[in-house]
Amino acid sequence: MAENASYFEIPKTCKAGCVIDEGPNFRVEVQDVPVPEPGPDQVLLRLNATGICYSDLHYMLNDLGFGPMSQFGVRSAGHEGAGVVVKVGSNVTTWKVGDRGGVKPCWNCCMNCALCWDGQHETYCEKGLQTGFQVAGTYQQYILSPANYTTRIPDGVDDFYAGPIMCSGSTIYRSLMESRLKAGDWAVFPGAGGGVGHMGVQLAKAIGLRVIGVDGGDEKRELCVRLGCDAFVDFTKVNDVAAEVMKITGHGAQGVFVTAGNAAAYASAPGMLGVGGKLMCIGLPPAGSCIVGAHPAEFVLKNLHVIGTKVGSMKDTDAAMDFAARGLLKPIYEKFPLKDLPAAVDKLRAGKVAGRCVVDFNS
């Protein structure tokens, strides 16, 4: 039986953004849902903030080919939650009421296989569960989290930073590490002004890379320049983005980090790379909508590498949090009150977000 919280009054119900008519015509409504009871090895978190990620939209659109979230009885998407522990299960000794914690895209994994043991790939565990798809997500204020897979939030990192870092920050950190780029190399970020891309720009600069941001519009340009991009290419004003990148770099970039989940970004990426370049696949397009585009000869003649990276591990998340604690990673976000969560989702779906949308559960 779970211990009673000493410092928090836990309600019977809480607010949650629930998907209605999942599929291409989905909408989100804020509804009352029951507050769950933690099992012996779980904690109950009261979230203060959640980021809104485009993967949430994919789950609600049901366009990735994974089947609907409703097959698991899940109605609330979201996987970027930050808050406080308000109740702990009877077996939990590593967390106490009042500790700050967060929930990531991977909700849990088996912790008993080679992937879970290597410190990098537990998010690929066959028994892993995805937050906001197979279990209730962070659009719900009170949610459960396995005690052994909940992320601690360090002092100096507020919840509105910590929420987006749970997914966007740790995901792009993992991709940067797997690219093995070194200081002075050129890194290109299609989608640089988006939720994942703008954190990639900051982390890339922090480790000494030269950065080219690719995105559309003056707002995205201003953001990318402010975050330290060495150059910016506006795809709405340049006919050939790859040619422009080649002009800037001389012989092509060492890495292209495709954070934008669309066909155009993946089609142009190989042409931006120099010999031995790494094409890092991060953004998820709808199923069947595109491929990584280039004739095989381009891959052969330029010795190109194509690497897909999923969300960050526990270790990656802690590392990204450390960058934030040192002031080197500052998520850019627009804050929405809980009642406007549906509007925030719609704004992201319309492609009108620079940085991240973050929902404040307490406003």
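A few points about this structure:
- By the Cβ-Cβ criterion of under 4.7 Å, the unpaired cysteines of the chain are Cys14, Cys18, Cys53, Cys106, Cys110, Cys113, Cys116, Cys167, Cys281, Cys290, Cys357.
- Candidate lysines - alpha carbon under 22 Å from Lys12, same-chain residues fewer than 8 apart omitted: Lys87, Lys96, Lys339
- A crude spin-label estimate for the pair Ala263 and Lys339, with each label 7 Å from Cα along the Cβ direction, gives 4.2 nm.
- Of the options [x] 21.4; [y] 25.2; [z] 20.7, only one is Kirkwood radius over Cα pairs in Å as computed from these coordinates, and that is [z].
- Backbone N atoms of the stretch 321-354 closer than 17 Å to the 7 Å Cα→Cβ label point of Thr236 belong to residues 347-354.
- Computed FRET value (nearest 0.05) for Glu9 with Arg326, which takes r as the C-beta separation and R₀ as 45 Å: 0.80
- DSSP-defined beta bridges in the chain - what % are antiparallel, rounded to 5: 55
- The equivalent ellipsoid that matches the C-alpha gyration tensor of the stretch 170-308 spans semi-axes of 19, 17, 15 angstrom, in descending order.
- Once the Cα-Cα distance is subtracted from the 0.36 nm per residue extended length, the His305 to Leu64 segment shows a gain of 84.3 nm.
- Stretching the chain fully between Val225 and Arg180 yields a gain of 13.8 nm (0.36 nm per residue, less the alpha carbon separation).
- Nearby lysines by direct alpha-carbon distance to Lys205 (threshold 19 angstrom, same-chain neighbours under 8 apart not counted): Lys182, Lys220, Lys278, Lys330
We did not get these values from a lab; they are worked out from the coordinates using the rules stated. Predicted model, so just to flag it, every value in this text is computed and none were measured. With ideal geometry, Cβ positions are generated from the backbone for all residues, glycine too; neighbour counts draw on all protein chains shown.
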